[in-house]
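For reference, the structure discussed in these notes is given below.
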Amino acid sequence: MKFKLLIIFLFILILPLTLLLGIGLKWSQDEQKIIQNQINELNLQKLQLLRQTVDSFIQNEQKELHEFLSSINEDKSQLRDLIRKSPKVSQLFILDSKGGWSYPSPAMDDLSENERQFLERSDKRLYQKIRQMDFQAGEVQRSSQLGIWSSYFWNNQMVLIYSEKTAENKIIGIELNRINFISRLMSVFPDTPQNEKSKPFRISFNDSQGNIFYQWGSNKGTPKVKLNLSSPLDSMELTYYSEEENPGRSFRFNFFSGLGFLVVSLLGMGFYFYRENAREIREAEKRVTFVNLVSHELKTPLTNIRMYSELLEQYLDETDEKSSQYLKVLVSESERLSRLIGNVLSFAKKEKNQLKLRKNSGSIKKIIEKSIEQFSLSLKEKGIEVVFTSQEDSLVELDEDLVLQIIGNLISNVEKYAPLGKVIKIEHRKEGERSVVTVSDEGPGIPKEKREKIFEPFFRLANQLTAGATGTGIGLTIARDLARLHGGDLVLVDSEKGASFQLTILTPEIQGD
Amino acid sequence: MKVLIAEDDENIRKGLVEILQNEGYGTLAAKDGREALILFEKDSPDFVCLDIMMPEVSGYDVCREIRRRNQALPVIFISAKSEEIDKVLGLELGADDYILKPFGIKEVIARIRAVTRRCFKMNKIEGTSLFKMRDLEIDPSELKAKKGKEVIELSLREMKILELFYHNKGKVIDRDKIMNECWGMDYFPNSRTLDQHISKLRKKIEIDPKEPNLIQTIHGSGYRYSG
């Protein structure tokens, strides 16, 4: 029972808490995701602002390059001179209208090393790229004329080209000095702030392989957001770094603190109720154990009283009526005490679910006769006539002591509460495998509204006629429980006069030898 | 027939001895389990009544020891608690029956008689065949008599008395002889005991106990069954 109670308590406690925990964790995770997304969004916006800065730089660069290209002619010496003087420029080039190299040209016999390398790496790549490009649809548009940015990789390094088409349908272009370009680009990015008051962060400007060109900020965290730059730097990216954040930490803290408090409160309450219940169960068990002990201890002296009374009866002179009568009282009262102890014990066992059936063979008729005999003295004293009719007397399977206890309780109730009716009718019949015994009286009867209550423990009808009657109030409770244990029931049936109890029990026939 | 009674409560023990002796049984009384085993060993009773909770050796252990030596000996347990009886049955100690306290004399007698019948059948005791006394059919092995359709339960002593009268049909049997034959030489009941038993027997078997026909009183001599 205790174990069952503990299981129920744990189930009631753990199930809702588990649900709450699950919901809380889900909320927390969702909250964390939302907050993380918001943080990422904010950081992305920072990178987008930076990208705009880079785009502006590219636009300015394009303007300057356009002006530069506008001023050049096709003189080889001048071109070489310009290259030498312009730190931005790695190499200048001119393609004729047919797409052939005009400068530098493979036909030139005084190609510099730089020019030769340019031709080597650019020949196919640049040629294909530029030839494929639609100058009208260039990604970077100048205000009045179109120039095209293009890039490719050579020895894992980016080569950046700016080229324009001339009126003669020639293409002139610049291969930008990579280092110069990157360093100028880096100058548009901010420095690492000193005495950073806001949350530590780091942004890096790196290529797609993760090679960092420039970074600012002090955070040593992990990359959180990346943003590719616009063309022609789309192989480069900005990366936002931050330490492992714990978004939603305060929510989780508050939630789990609250949950923890709830758990502790529930555990405390549960423990309190469990302990109170356990204490009540222990007290009830003690009472039941005490009842068992006392009942057991009462049985030995009661056995002696009854046995010696009956022995004395045997030795009595039949002519000594008074002694005979007194002895009968002793016997009758000891039987009554036996019944009372039997009822109390049965009640105690019922409380502990220990009532058991012990079937043997017997005769219902004989049991009723025995019970009537036990009450003969008290019934006679009260002037109650016994009318007993029995259909048959076959041997059946039953618990004799149990049936005797039930019949005894019913007759006892008539004797106590309906003596003025002056008659008790007991009828026994068989209905298949069931035995039906009806015990009726012609007393005051039982009000309709009390018909079920009378079977409740300790309930007694309170009226003038029963006011003086003794009784524990458990007789009918026990009788019904025992009847049900025996596969039957005890009910109050309708009767014209008085009360009529019908006992039905399962009593299979025993085949004769 | 001898019965061993083992019960630690002195009054219950003496009461049971009285009841069984009145029934016609020889009795052995033990106040604890150890004494019960000694008496069992020494006097070989025909069946045993055992209290469960006894000092020295419990009723369970006495039964086990008895069963070790005699699987078939009838054993009746006496107990105040039905749980103890459940345990007895659960332990499969081979108990023949049980008596729950508080018990009435009739209950004890009914159980003892049932066990006696089993003993008769089991041991096929001589002199237990049916006999008739006028319209009374007597079955010693069943401790019963039949008068027409009426079945009459008899005690062992009553059976002995009837057997004595049957085997001495027509003869007057004096009181001493009846006492010796039916109570035993070692037993000295008072004279009223015999009269009470005869009176009780007449109530069972005579049509009119006040005008007995089967067992007639021969004043100054004894009793007679004329046949």
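The values are calculated or read from the model by the stated rules, or taken from the named source; none is laboratory data. Everything numeric in this text was worked out from a predicted model, so none of it was measured. Heads up, the Cβs are rebuilt from the backbone with ideal geometry, glycines too, and the neighbour counts pull from every protein chain shown. These accessible areas exclude ligands, DNA and RNA; they are computed on the full protein's heavy atoms, side chains included. Shrake-Rupley method; radii C 1.70, N 1.55, O 1.52, S 1.80 Å.
Can you tell me which residue in the range A:451-462 is farthest from the chain's Cα centre (by Cα), limited to those that are modelled with pLDDT under 85 and open to solvent by 60 Å² or more (accessible area, probe 1.4 Å)?
A:462
Which numbered condition in (1) open to solvent by 50 Å² or more (accessible area, probe 1.4 Å); (2) more than 14 Å from every other protein chain (Cβ to nearest Cβ) is the only one that residue B:53 fails?
(2)
What number of residues within the range B:188-227 satisfy the criterion of being surrounded by fewer than 17 Cβ atoms within 10 Å (Cβ to Cβ), modelled with pLDDT of 85 or more and among the basic types (Lys, Arg)?
4
In the set B:81, B:31, B:101, which member is within 14 Å of chain A (Cβ to nearest Cβ), open to solvent by 50 Å² or more (accessible area, probe 1.4 Å) and within 19 Å of residue A:304 (Cα to Cα)?
Details: B:31 fails: within 14 Å of chain A (Cβ to nearest Cβ); B:101 fails: open to solvent by 50 Å² or more (accessible area, probe 1.4 Å).
None of the other options fit; the residue is B:81.
Please enumerate the residues belonging to the range A:308-328 that are in contact with a Ser or Thr (Cβ under 9 Å, 6 or more places away or on another chain) and more than 12 Å from chain B (Cβ to nearest Cβ).
A:327, A:328
Taking into account only those residues within the range B:19-28 that are over 22 Å from residue B:53 (Cβ atoms) and not polar (S, T, N, Q), which is nearest to the other protein chains (Cβ to nearest Cβ)?
Within the range B:19-28, the subset over 22 Å from residue B:53 (Cβ atoms) is B:21-26.
Going one step further and asking which of them are not polar (S, T, N, Q), we end up with B:23-26.
Numbers: B:23: 11, B:24: 14, B:25: 15, B:26: 19 Å.
Among those that are over 22 Å from residue B:53 (Cβ atoms) and not polar (S, T, N, Q), it is B:23.
Name the one entry in A:89, A:54 that is closer than 30 Å to residue A:217 by Cβ and surrounded by 17 or more Cβ atoms within 10 Å (Cβ to Cβ).
That would be A:54, the only listed residue that is closer than 30 Å to residue A:217 by Cβ and surrounded by 17 or more Cβ atoms within 10 Å (Cβ to Cβ).
May I ask you to list the residues in the range A:499-513 that are small (Gly, Ala, Ser) and modelled with pLDDT of 90 or more? Working first, answer last.
Kept after step one, since they are small (Gly, Ala, Ser), are these residues of the range A:499-513: A:499-500, A:512.
Hits for the range A:499-513 are A:499, A:500.
May I ask you to verify whether residue A:84 is more than 60 Å from the chain's Cα centre (by Cα) and surrounded by fewer than 13 Cβ atoms within 10 Å (Cβ to Cβ)? So that I can check it myself, show each step before the final result.
Details: more than 60 Å from the chain's Cα centre (by Cα): yes; surrounded by fewer than 13 Cβ atoms within 10 Å (Cβ to Cβ): yes.
Considered against the rule, which asks whether it is more than 60 Å from the chain's Cα centre (by Cα) and surrounded by fewer than 13 Cβ atoms within 10 Å (Cβ to Cβ), residue A:84 comes out as yes.
Among the residues in the range A:74-91, are any of a type in the set (A, V, I, L, M, F, W, C), in contact with a strand residue (DSSP E or B) (Cβ under 6 Å, 6 or more places away or on another chain), in a strand (DSSP E or B) and more than 30 Å from residue A:266 (Cα to Cα)? Quick ask: steps written out before the conclusion?
At the first step, the residues of the range A:74-91 found to be of a type in the set (A, V, I, L, M, F, W, C) are A:79, A:82-83, A:89.
With in contact with a strand residue (DSSP E or B) (Cβ under 6 Å, 6 or more places away or on another chain) added as a condition, the list becomes A:79, A:83, A:89.
So of that shortlist, the ones also in a strand (DSSP E or B) come out as A:89.
Checking the rest, the ones that are also more than 30 Å from residue A:266 (Cα to Cα) come to A:89.
Within the range A:74-91 (the criterion being of a type in the set (A, V, I, L, M, F, W, C), in contact with a strand residue (DSSP E or B) (Cβ under 6 Å, 6 or more places away or on another chain), in a strand (DSSP E or B) and more than 30 Å from residue A:266 (Cα to Cα)), the answer is yes, since at least one residue qualifies.
Given the options A:335, A:369, A:373, A:397, name the one that is without any contact (Cβ under 8 Å) to a residue 12 or more places away in the chain and either within 14 Å of chain B (Cβ to nearest Cβ) or assigned to a strand (DSSP E or B) (or both). Talk me through it step by step, then tell me what you get.
Working: A:335 fails: without any contact (Cβ under 8 Å) to a residue 12 or more places away in the chain; A:369 fails: without any contact (Cβ under 8 Å) to a residue 12 or more places away in the chain; A:397 fails: without any contact (Cβ under 8 Å) to a residue 12 or more places away in the chain.
Of A:335, A:369, A:373, A:397, the one residue that is without any contact (Cβ under 8 Å) to a residue 12 or more places away in the chain and either within 14 Å of chain B (Cβ to nearest Cβ) or assigned to a strand (DSSP E or B) (or both) is A:373.
Among the residues of the range A:308-321, is any open to solvent by less than 50 Å² (accessible area, probe 1.4 Å), assigned to a helix (DSSP H, G or I), of a type in the set (Asp, Glu) and at pLDDT 75 or above?
To start, the set of residues in the range A:308-321 that are open to solvent by less than 50 Å² (accessible area, probe 1.4 Å) comprises A:309-311, A:316.
Now drop any that are not assigned to a helix (DSSP H, G or I), which leaves A:309-311.
Now restrict to residues that are of a type in the set (Asp, Glu): A:310.
Next, only the ones that are at pLDDT 75 or above stay: A:310.
Within the range A:308-321, one or more residues are open to solvent by less than 50 Å² (accessible area, probe 1.4 Å), assigned to a helix (DSSP H, G or I), of a type in the set (Asp, Glu) and at pLDDT 75 or above.
Tell me, which residue of the range A:418-429 that is surrounded by fewer than 22 Cβ atoms within 10 Å (Cβ to Cβ) and not in a strand (DSSP E or B) is farthest from the chain's Cα centre (by Cα)?
Filtering the range A:418-429 for residues that are surrounded by fewer than 22 Cβ atoms within 10 Å (Cβ to Cβ) and not in a strand (DSSP E or B), the one farthest from the chain's Cα centre (by Cα) comes out as A:422.
For the range B:1-49, give me each residue that is charged (D, E, K, R) and in contact (Cβ under 8 Å) with a residue 40 or more places away in the chain. Write out each step before concluding.
First, the residues of the range B:1-49 that are charged (D, E, K, R): B:2, B:7-10, B:13-14, B:18, B:23, B:31-32, B:34-35, B:41-43, B:46.
Across the range B:1-49, the qualifying residues are B:2, B:7, B:8, B:9, B:23, B:43, B:46.
Is at least one residue of the range B:67-77 buried (at least 22 other Cβ atoms within 10 Å of the Cβ) and either part of a loop (DSSP other than H, G, I, E, B) or among the charged types (D, E, K, R) (or both)? Spell out how you get there, then give the answer.
First, the residues of the range B:67-77 that are buried (at least 22 other Cβ atoms within 10 Å of the Cβ): B:74-75, B:77.
Remaining after also requiring either part of a loop (DSSP other than H, G, I, E, B) or among the charged types (D, E, K, R) (or both): B:74.
Taking every residue of the range B:67-77 in turn, at least one turns out to be buried (at least 22 other Cβ atoms within 10 Å of the Cβ) and either part of a loop (DSSP other than H, G, I, E, B) or among the charged types (D, E, K, R) (or both).
Would you confirm whether any residue within the range B:36-50 is open to solvent by less than 20 Å² (accessible area, probe 1.4 Å), away from every other protein chain (no Cβ under 13 Å), at positive phi and not in a helix (DSSP H, G or I)?
no
Which of (1) exposed (fewer than 11 other Cβ atoms within 10 Å of the Cβ); (2) of a type in the set (Val, Ile, Thr); (3) under 30 Å from residue A:160 (Cβ atoms) is the odd one out, the single condition residue A:7 does not satisfy?
All conditions are met except number (3).
Going through the range A:430-445 one residue at a time, which ones are in a strand (DSSP E or B), farther than 13 Å from residue A:364 by Cα, touching a helix residue (DSSP H, G or I) at 6+ places or on another chain (Cβ under 6 Å) and not hydrophobic (A, V, I, L, M, F, W, C)?
A:441, the sole residue that qualifies.
Specify which of the listed residues (B:132, B:147, B:171) is open to solvent by 50 Å² or more (accessible area, probe 1.4 Å), touching a residue at least 12 places away in the same chain (Cβ under 8 Å) and within 25 Å of residue B:224 (Cβ to Cβ). Lay out the reasoning, then the answer.
Numbers: B:132 fails: touching a residue at least 12 places away in the same chain (Cβ under 8 Å); B:147 fails: open to solvent by 50 Å² or more (accessible area, probe 1.4 Å).
When all the criteria are applied, what remains is B:171.
Look through A:349, A:382 and report the one residue that is among the basic types (Lys, Arg) and modelled with pLDDT under 85. I'd like the intermediate steps shown before the answer.
Numbers: A:382 fails: modelled with pLDDT under 85.
Checking each option against the conditions leaves just A:349.
Check the range B:2-14 and report whether any residue there is touching a helix residue (DSSP H, G or I) at 6+ places or on another chain (Cβ under 6 Å), open to solvent by 60 Å² or more (accessible area, probe 1.4 Å) and either within 12 Å of chain A (Cβ to nearest Cβ) or not in a loop (DSSP other than H, G, I, E, B) (or both).
Looking for residues that are touching a helix residue (DSSP H, G or I) at 6+ places or on another chain (Cβ under 6 Å), open to solvent by 60 Å² or more (accessible area, probe 1.4 Å) and either within 12 Å of chain A (Cβ to nearest Cβ) or not in a loop (DSSP other than H, G, I, E, B) (or both), one finds at least one in the range B:2-14, hence yes.
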